[in-house]
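Colleague: Here you go, one structure.
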Amino acid sequence: MYTLGKPGYAVAAGVPPASSSNSQPTRLPLQTAAIFCLYELVNSATFHFVTKFDLRHEDCIDGMARLGDESVDLVVTSPPYNLGITYRKYSDRQDRQSYLRWCHEWAEQVRRILKPTGSFFLNIGAAPSNPMLPHEMVIELRDLFVLQNTIHWIKSIAIEDREAEVRSYGHFKPISSKRFVNDCHEYVFHFTKTGRVELDRLSVGVPYQDKSNIARWSHTRGSDLRCRGNTWFIPYQTIQSRAKERPHPATFPVQLAELCIKLHGPAGAGRIQTMLDPFLSIGNSAVAAQRCSVKRFIGFEIDESYLTEAKRRLALRKQ
């Protein structure tokens with residue numbers, strides 16, 4: 001088994017160095033398919049398996065076509081929104097029907113490879129001048145999936161407290177308009193094949209504000225934890241340089257993917273053997289899979305520079 005060493009090499013885990021003071025660990029070239037494993041040191045003698053990554057520089061439709069039927073437990077992804085965002089290797093300005101047909105094409109592959117007990121979390125946003133796109137996407141996919149849950153990812157919010165003081169939290173892209181308000185949220189659609197997939201709601205639970213509810217409701221079983229609901233406030237982290245810290249024009253936070261993983265079921269308990277992101281971008285879903293100890297992660301990305309950044313970020317997390 002191997003961990004990441006210098007770029008382009010895998011270092012054999014657990015191989016003791018030779019007695020020579022200038023000896024180096026055993027290194028083997030990485031396969032061009034970018035299949036590698038990451039481990040974390042539990043103690044001086046034991047390595048704990050974390051995640052096996054299969055990251056491919058490939059169109060997702062072609063790549064998914066080579067995956068086995070019902071071989072994936074969880075899909076978390078965010079495709080291009082067709083809102084004119086500037087990508088390096090993709091035109092985000094298709095006509096609406098062509099875009100929806102393309103989404104149906106890759107979603108057909110997602111349905112084929114998703115297990116009957118699997119979940120498909122689809123993050124998609126809109127523009128104030130084009131608010132129907134997310135809903136049209138749901139309608140386009142209704143012959144493939146059941147919409148089991150609709151989650152609202154809140155990126156920024158203003159709250160008036162009990163002292164009538166207004167506080168703002170999070171980040172948003174301001175809009176200069178006399179017609180539209182700032183757009184501070186996106187959708188996360190939870191699709192399944194049957195609409196009956198059980199979830200681990202309390203794995204992403206939150207404490208009760210009114211603690212008397214703990215004793216009032218029998219289903220709490222004395223625990224100060226309730227279902228988070230379908231509004232998830234997840235602000236972007238503050239960054240100083242987009243080019244260095246978030247070199248992609250549209251990507252969701254790692255925490256968003258983490259909540260999807262935990263909600264579907266604890267990866268550590270074995271429910272999530274394989275997770276897929278057809279639109280990997282810079283790898284936030286892969287980082288989330290690593291944090292949650294998903295056994296295997298598959299990602300496709302057509303832009304080699306984004307794929308390189310994803311691999312770099314995964315390697316940095318192990319240093």
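Colleague: Which of the residues spanning region 202-221 are among the polar types (S, T, N, Q) and either closer than 28 Å to Gly125 by Cβ or part of a strand (DSSP E or B) (or both)? Give the derivation first.
Modeller: Applying the first criterion (among the polar types (S, T, N, Q)) to region 202-221 yields 203, 209, 212-213, 218, 220.
Selection gives Ser203 alone.
Colleague: Let me ask another. Looking at region 222-233, which of the residues that are part of a loop (DSSP other than H, G, I, E, B) and in contact with a strand residue (DSSP E or B) (Cβ under 6 Å, 6 or more places away or on another chain) is surrounded by the fewest Cβ atoms within 10 Å (Cβ to Cβ)? So that I can check it myself, show each step before the final result.
Modeller: Kept after step one, since they are part of a loop (DSSP other than H, G, I, E, B), are these residues of region 222-233: 222-225, 227-230.
Next cut, in contact with a strand residue (DSSP E or B) (Cβ under 6 Å, 6 or more places away or on another chain) only: 228, 230.
Working: Arg228: 17, Asn230: 12.
Applying the filter and picking the extreme gives Asn230.
Colleague: Quick check on region 62-79: of everything there that is more than 18 Å from Phe191 (Cβ to Cβ) and touching a residue at least 40 places away in the same chain (Cβ under 8 Å), which residue is surrounded by the most Cβ atoms within 10 Å (Cβ to Cβ)? Steps first, answer last, please.
Modeller: Narrowing region 62-79 to residues more than 18 Å from Phe191 (Cβ to Cβ): 62-63, 65-66, 68.
Remaining after also requiring touching a residue at least 40 places away in the same chain (Cβ under 8 Å): 63, 65, 68.
Details: Gly63: 21, Ala65: 12, Gly68: 9.
In this case the residue turns out to be Gly63.
Colleague: Checking Val197 against (1) free of Cβ contacts under 8 Å to residues at least 60 places away in the same chain; (2) over 24 Å from Ile234 (Cα atoms); (3) in contact with a strand residue (DSSP E or B) (Cβ under 7 Å, 6 or more places away or on another chain), which test does it fail?
Modeller: With respect to (1) free of Cβ contacts under 8 Å to residues at least 60 places away in the same chain; (2) over 24 Å from Ile234 (Cα atoms); (3) in contact with a strand residue (DSSP E or B) (Cβ under 7 Å, 6 or more places away or on another chain), Val197 is out only on (1).
Colleague: Just to verify a result, which residue in region 255-271, among those that are among the aliphatic types (A, V, I, L, M) and at pLDDT 95 or above, is surrounded by the most Cβ atoms within 10 Å (Cβ to Cβ)? If you could, list the steps in order and put the result at the bottom.
Modeller: If we filter region 255-271 for residues that are among the aliphatic types (A, V, I, L, M), which is where we start, we get 256-257, 259, 261, 263, 267, 269.
With at pLDDT 95 or above added as a condition, the list becomes 256-257, 259, 261, 263.
Values: Leu256: 24, Ala257: 27, Leu259: 23, Ile261: 29, Leu263: 23.
Only one residue tops the list, namely Ile261.
Colleague: If the Cβ limit is 8 Å and pairs must be 6+ apart or interchain, which residue in region 300-315 that is part of a helix (DSSP H, G or I) pairs with which residue that is of a type in the set (S, T, N, Q) and modelled with pLDDT of 90 or more?
Modeller: Taking only residues 6 or more apart or on different chains, the pairs are Tyr306/Ser281; Ala310/Ser281; Leu314/Gln290.
Colleague: A further question follows. Can you work out which of the residues in region 296-309 that are modelled with pLDDT of 95 or more and either within 17 Å of Leu259 (Cα to Cα) or aromatic (Phe, Trp, Tyr) (or both) is surrounded by the most Cβ atoms within 10 Å (Cβ to Cβ)?
Modeller: Within region 296-309, the match that is surrounded by the most Cβ atoms within 10 Å (Cβ to Cβ) is Phe297.
Colleague: Take Ser168 and decide whether it is within 25 Å of Arg228 (Cα to Cα), without any contact (Cβ under 8 Å) to a residue 40 or more places away in the chain and surrounded by 10 or more Cβ atoms within 10 Å (Cβ to Cβ). Quick ask: steps written out before the conclusion?
Modeller: Details: within 25 Å of Arg228 (Cα to Cα): yes; without any contact (Cβ under 8 Å) to a residue 40 or more places away in the chain: yes; surrounded by 10 or more Cβ atoms within 10 Å (Cβ to Cβ): yes.
Yes; evaluated as a whole, the condition is true for this residue.
Colleague: Working only within region 110-146, note down all residues that are surrounded by fewer than 16 Cβ atoms within 10 Å (Cβ to Cβ) and either within 18 Å of Gly68 (Cβ to Cβ) or touching a Ser or Thr at 6+ places or on another chain (Cβ under 9 Å) (or both).
Modeller: Of the residues in region 110-146, the ones surrounded by fewer than 16 Cβ atoms within 10 Å (Cβ to Cβ) are 116, 127-132, 135, 139, 142-143, 146.
Passing the criteria: Pro116, Pro128, Ser129, Val146.
The values are calculated or read from the model by the stated rules, or taken from the named source; none is laboratory data. On a predicted model such as this, the values are computed, not experimentally measured, just so you know. Virtual Cβ from ideal backbone geometry, glycine too; neighbours counted across all protein chains shown.
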